[in-house]
Amino acid sequence: MLFNVRMYAFAILSITSSLTVASEEVESVAFRCREWQSLHAENDADAEKKLSMLKKLGCETKMNRHGEHADVSFRSVQWREVTLESHENADRWEQWLNKNGFETLHGHAHAPSRNAIAVDYFQTEWQSQHFDDEAKADEFLALCKGLGCEVRMGGHDGHVDVRFRCIARRSLVCVDHDEAHSLQTWLEKKGFQTEHAH
């Protein structure tokens, strides 16, 4: 219980501090959760902490009280991102998000573990995606940040352009080779050079 309270307090402080950090060391984790998930809360204070953290992440939330405890339900249908001050903190967030039912995308600058199924990628030239829908542009921006790309966003005549590149080689760890192939295909369509070893 104490660990959960500390983790939620740490999470809220991390999100808050990520809004003001302007260092080159920052890393992002893109995430989404299409289906409703629930976190169990022991009491009202615990429920409010969880609700606050999930709302700061941009999730839809609702609370269901029963007996002396409550369940905090949440989802985030669109891809979003949380920016953190270090790779280690981003790794912790990625683990917490995965543990609680989120899909994540977090490009690692370090080599994956020896037996990991991974896709390596990079893109040295600026690429551009054009969007008529600002929400779709925001979602793509979150994905690019999760990949670890340098990103620029600008609008003109009611359209939004997202420019991105990823000079340093990065890797994404996948669940299996099918996921790796799917991810590799998507990255290549966006102009990335990729590598996936079997």
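General observations
- Listed residue (Ala111, Gly191, Gln127) projecting farthest to the positive dipole end of the chain, Cβ model: Ala111
- Computed E for Trp186/Glu85 - FRET, C-beta separation, R0 45 angstrom, nearest 0.05: 0.95
- Here the spin labels are modelled as points 7 Å beyond Cα on the Cα-Cβ line, and at Asp132 and Arg34 they lie 2.3 nm apart.
- Using the Cβ-Cβ distance between Ala45 and Val77 with R0 set to 45 Å, the FRET efficiency from 1/(1 + (r/R0)^6) comes to roughly 0.95.
- Between Ala197 and His110, the modelled label-to-label distance comes to 1.8 nm, taking each label 7 Å out from Cα in the direction of the beta carbon.
- GluC sites (Glu not before Pro) within segment 59-119, DSSP loop, no more than 15 other Cβ atoms inside 10 Å: Glu68
- Nearest 10 degrees, 0 to 90: helix 44-56 Cα axis against the chain principal axis: 20
- When the Gaussian network model of the chain links Cα atoms closer than 10 Å, the mean-square fluctuations of Gly67, Gly58, Gly158 top out at Gly67.
- With coordinates expressed along the principal axes, the C-alpha atoms belonging to the chain extend over 56, 48, 32 Å, beginning with the largest.
- Across segment 172-179, coupling constants 3J(HN,Hα) worked out from phi with the 6.51/-1.76/1.60 Karplus curve, θ = phi - 60°, read 10, 8, 10, 5, 8, 5, 4, 5 Hz, and Gly and Pro carry x.
- Descending semi-axes in whole angstrom, ellipsoid equivalent of segment 109-198, from the Cα gyration tensor: 27, 13, 10
- Anisotropy class of segment 59-155 from Cα gyration tensor, a/c 1.5 cut: oblate
- Check: the chain dipole with +1 on Lys, Arg Cβ and -1 on Asp, Glu Cβ, in debye: 200
Taken together, the values in this text are just the output of simple stated rules run on the coordinates, not laboratory data. Owing to the predicted nature of the structure, the values given are computational and were not obtained by experimental measurement. Note that each Cβ is placed from the backbone with ideal geometry, even for glycine, and that neighbours are counted across all protein chains shown.
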